[in-house]
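The values are calculated or read from the model by the stated rules, or taken from the named source; none is laboratory data. Quick caveat, the model's predicted, so the values are computed rather than measured. Neighbour counts run over all protein chains shown; Cβ positions are idealised from the backbone, glycine included.
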Amino acid sequence: MSPDRRGPLVVAHRGASAARPEHTLAAYELALEEGADGLECDVRLTRDGHLVCVHDRKVDRTSSGTGIVSEMTLDSLNALDYGSTSEPAELLTLSDLITLALDFARPVKLFIETKHPVRFGGLVEAKLLAELHRFGIASPPSADHSRAVVMSFSATAVWRVRRSAPLLPTVLLGDASRYLGGGASTAVGATAIGPSIKALREHPDLVDRAAAAGRATYCWTVDDKADVDLCRELGVSWVATNHPGRTKQWLGSV
């Protein structure tokens with residue numbers, strides 16, 4: 001997860017989600033067209049054991065239906081519309097997104113966030129690693145050449161991944177400088193820290209402290225030019241944004 005010399009590399013947060021419904025194929029396809037270097041997604045397990053790209057515990061905000069993801073089957077989730085009135089869209093599974101990224105004409109890195117606490121506990125990471133193994137990307141030759149990065153606000157979740165797939169890069173997410181800059185990232189062996197842009201504004205020393213410990217910095221969610229400039233100035237490796245095309249233009253990398 002080395003930083004690019006031109007500045008941070010750009011990760012499309014739930015796809016190009018400012019322009020298309022989040023976590024939909026249309027959002028990710030647009031992000032790729034706009035030159036995103038990485039694609040970010042949140043994953044949850046369905047009742048029948050499928051990993052799907054949904055941020056919230058419930059589908060109420062992002063679909064035409066209602067219900068708790070972990071209590072619904074893949075078929076029942078697929079029956080809902082995740083788009084808009086003018087552009088209906090289907091549920092995206094993690095398998096769909098991995099296939100899209102691996103089939104694209106240039107290398108694109110996937111940033112996959114596991115959500116906790118959830119009823120399935122560590123089964124989420126176990127299922128995720130099994131899926132990455134199925135695609136042949138769970139054991140990269142090095143962290144820099146990995147096609148997938150696993151992230152979580154849960155230190156325990158990051159530790160599970162590091163223990164089972166030590167070559168996969170991991171990001172410990174957080175919104176408190178004491179948490180990220182303290183011993184948590186060291187204890188779980190995270191290869192990067194993931195502060196919010198608010199935390200980074202308040203504690204810009206986080207990037208240097210992480211670098212001194214051999215860790216990269218992934219910052220979320222960076223949508224304003226002043227914040228993009230700050231991340232570039234500080235040496236942030238990756239910025240997650242809802243506007244990947246605009247952010248690439250600001251960085252002069254398109």
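Can you tell me which residues in the range 127-180 are among the polar types (S, T, N, Q) and in a strand (DSSP E or B)? S152, T170, listed by residue number. Would you tally the residues in the range 207-222 being closer than 23 Å to V108 by Cα, touching a helix residue (DSSP H, G or I) at 6+ places or on another chain (Cβ under 7 Å) and either of a type outside the set (A, V, I, L, M, F, W, C) or assigned to a helix (DSSP H, G or I) (or both)? Total satisfying the criteria: 3. For the range 48-103, the set of residues classified as in a loop (DSSP other than H, G, I, E, B), more than 21 Å from S17 (Cβ to Cβ) and hydrophobic (A, V, I, L, M, F, W, C) consists of M72, A79, listed by residue number. Filtering the range 9-20 for residues that are farther than 25 Å from D223 by Cα, aliphatic (A, V, I, L, M) and crowded, with 22+ Cβ neighbours inside 10 Å leaves an empty set. The selection criterion, being free of Cβ contacts under 8 Å to residues at least 24 places away in the same chain, outside any strand (DSSP E or B) and either buried (at least 19 other Cβ atoms within 10 Å of the Cβ) or of a type in the set (D, E) (or both), does not hold for A36. Among R119, R57, R160, R61, which is the only one that is among the charged types (D, E, K, R), over 23 Å from E33 (Cβ atoms) and touching an Asp or Glu at 6+ places or on another chain (Cβ under 8 Å)? Exactly one of R119, R57, R160, R61 is among the charged types (D, E, K, R), over 23 Å from E33 (Cβ atoms) and touching an Asp or Glu at 6+ places or on another chain (Cβ under 8 Å), namely R160.
Scanning the range 140-162 for residues that are more than 15 Å from G194 (Cβ to Cβ) and polar (S, T, N, Q), we see that the one that is surrounded by the fewest Cβ atoms within 10 Å (Cβ to Cβ) is S142. The set of residues in the range 58-112 being of a type in the set (V, I, T) and either out of contact with any Ser or Thr (no Cβ under 9 Å at 6 or more places or on another chain) or surrounded by 15 or more Cβ atoms within 10 Å (Cβ to Cβ) (or both) consists of V59, T62, T66, I68, V69, T85, T93, I98, T99, V108, I112. The set of residues in the range 223-254 that are among the polar types (S, T, N, Q) and part of a loop (DSSP other than H, G, I, E, B) comprises S237, N242, S253. For the range 203-212, give me each residue that is in contact with a strand residue (DSSP E or B) (Cβ under 9 Å, 6 or more places away or on another chain) and of a type outside the set (K, R). Across the range 203-212, the qualifying residues are H203, L206, V207, A210, A211. In the range 1-46, what residues are closer than 19 Å to S152 by Cα and modelled with pLDDT under 95? Within the range 1-46, just M1 meets the criteria. Checking the range 181-199 against the condition returns no match, with no residue being assigned to a helix (DSSP H, G or I), in contact (Cβ under 8 Å) with a residue 40 or more places away in the chain, touching a strand residue (DSSP E or B) at 6+ places or on another chain (Cβ under 7 Å) and within 28 Å of E22 (Cβ to Cβ).
Can you find a residue that is at pLDDT 95 or above, surrounded by 15 or more Cβ atoms within 10 Å (Cβ to Cβ), in contact with an Asp or Glu (Cβ under 8 Å, 6 or more places away or on another chain) and closer than 18 Å to K115 by Cβ anywhere in the range 171-191? For the range 171-191, residues at pLDDT 95 or above, surrounded by 15 or more Cβ atoms within 10 Å (Cβ to Cβ), in contact with an Asp or Glu (Cβ under 8 Å, 6 or more places away or on another chain) and closer than 18 Å to K115 by Cβ: present.
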